[in-house]
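Heads up: the structure comes next, in C-alpha cells.
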Amino acid sequence: MTRLWSHAIGALLIVAVLAARPRAALAQGAASWSAVEQALGRTGSAQPGGVMKFSFPRRDLHVRVGNVDVRTALALGGWVAFKQLADGKAMAMGDLVLTEDEVEPVISALQQGGVEQTALHNHLLGAVPNVMYLHIAGRGNAVTIARAIRHALEASKTPLDTAAAVAPPALDLDTAAIAKALGYPGKASGGVYQVGVPRAGKITEGTEEVPASMGTATSINFQSTGAGKAAITGDFVLTGNEVNPVIRVLRDNGIEITALHSHMIGDTPHLYFMHYWANDDAIKLARAMGAALAKTQSARPNGKA
C-alpha cells in the first residue's frame, strides 16, 4: 500500500512538473521580450508566427510626393521584428527609414554592433526630401541585437521617445468598397487604410521560416487625397516569374513602378519587392491591385482556395 501511495505521489509530481514547463517557457519568453523592449526603449507588438515587432515611425519627417503630403503610416514607418529560435537565439529583420545624410552613420553603428545590412534603396520617386530604406538582419542574442539597433538609431534623427499618439487624421475613404474591389480586407492606421496580403507557401531565410509579419507580405496602403481619390504605395512580394506580369497589370492601370529589388539575402524562394505609386480614384486603384494580386501566389482571403 505504501509502495502504491509512493508511486501515485511520484506520478502526480511528474504531471505537475510537465504542466509547469509551458508556463515557465512562456514566462521566460515574456522576460526575454521585456529585456528587448527595455533595450529599444519601447513596447513591442506581438504578431502571428511568434514574432515581436517594434515600430520606429519617422513622424519627424515632412515628405511630399508631387502634391501629396505623405503620412507616416503611408510610407514612413520604420520597424524591427524579432523571432525566437529553437536554439535560444533570435532572428531579427527590419526596415529603417532614413534621410540620405543618416545612412552612413547608421550603417557604421550597425556594423559595429554585428547587425547586417541586406538592402539599401528608395521606395518612392520624386520625394522631397529624398528618403532611403535600409533593410537589416541579425541573428544571436536578442538583447545584444536590440542594443545595437538602438545605438544605430541614435545616429539618426529617428524619434526615440514614446510620445503619446495623437489622434489620426480622418480616413475619408469608403474602405468597405475598397476591400470589396481589392478582394482583401484591411485596417485603418494613422489616417491610412492598410492591407497586408501574405504569400501562399513557406518562405525561409537560411534554415529559418520567415513569417509574413517579418516583411514578407504584399503591402497596399491607401491615403485619401480628396473627392474619392487616394494615393497608394507599398510593395508586392514576388517570385521572379511574377515580376513582369504584375508590372504589366499595374502600368495598364496607370500605376507607376518606383523600385524593384530584393530585401533579403539567402531567402528561399528568392523574392523581389516591387514598389509602386499612383494617385487616382480609390476604387479603380483597388480593382487594379486586385488584378495584379491575381498574378501572384498570394494567400486567399479568409482561407479561400
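Of note:
- Within the stretch 248-275, considering residues that are closer than 21 Å to Val65 by Cβ, in contact (Cβ under 8 Å) with a residue 40 or more places away in the chain and in a strand (DSSP E or B), the one nearest to the chain's Cα centre (by Cα): His275
- Gly240 being surrounded by fewer than 23 Cβ atoms within 10 Å (Cβ to Cβ), in contact (Cβ under 8 Å) with a residue 40 or more places away in the chain and small (Gly, Ala, Ser): no
- Candidates Ala227, Ala292: the one that is under 21 Å from the mean Cα position of the chain (by Cα) and within 26 Å of Leu173 (Cβ to Cβ) is Ala292.
- Restricted to the stretch 153-162, and to residues there that are of a type in the set (A, V, I, L, M) and not in a helix (DSSP H, G or I), the residue that is nearest to Gly50 (Cα to Cα) is Leu160.
- Unique match (being free of Cβ contacts under 8 Å to residues at least 60 places away in the same chain, outside any helix (DSSP H, G or I), in contact with a helix residue (DSSP H, G or I) (Cβ under 8 Å, 6 or more places away or on another chain) and not hydroxyl-bearing (Ser, Thr, Tyr)) among Ala291, Ala278: Ala278
- Residue within the stretch 212-229 that is under 17 Å from Leu76 (Cα atoms) and basic (Lys, Arg) present: no
- Listing of strands (runs of 3 or more DSSP E) fully contained in the stretch 63-152 that carry 3 or more residues being crowded, with 17+ Cβ neighbours inside 10 Å and in contact (Cβ under 8 Å) with a residue 40 or more places away in the chain: 77-84, 90-99, 131-140
- Some residue of the stretch 143-159 being farther than 26 Å from Thr99 by Cα and touching a strand residue (DSSP E or B) at 6+ places or on another chain (Cβ under 6 Å): no
- Being hydroxyl-bearing (Ser, Thr, Tyr), more than 16 Å from Phe273 (Cβ to Cβ) and in contact (Cβ under 8 Å) with a residue 40 or more places away in the chain is a property that does not hold for Thr216.
- Within the stretch 167-199, the set of residues being outside any helix (DSSP H, G or I), of a type in the set (D, E, K, R) and either modelled with pLDDT of 95 or more or not assigned by TED's automatic domain parsing to the domain that holds Arg300 (or both) comprises Asp174, Lys187, Arg199.
- Among residues of the stretch 151-194, those that are within 18 Å of the chain's Cα centre (by Cα) and among the charged types (D, E, K, R), counted: 1
The values are calculated or read from the model by the stated rules, or taken from the named source; none is laboratory data. Keep in mind that what you see is a predicted model, and the values were worked out from it rather than measured. Heads up, the Cβs are rebuilt from the backbone with ideal geometry, glycines too, and the neighbour counts pull from every protein chain shown.
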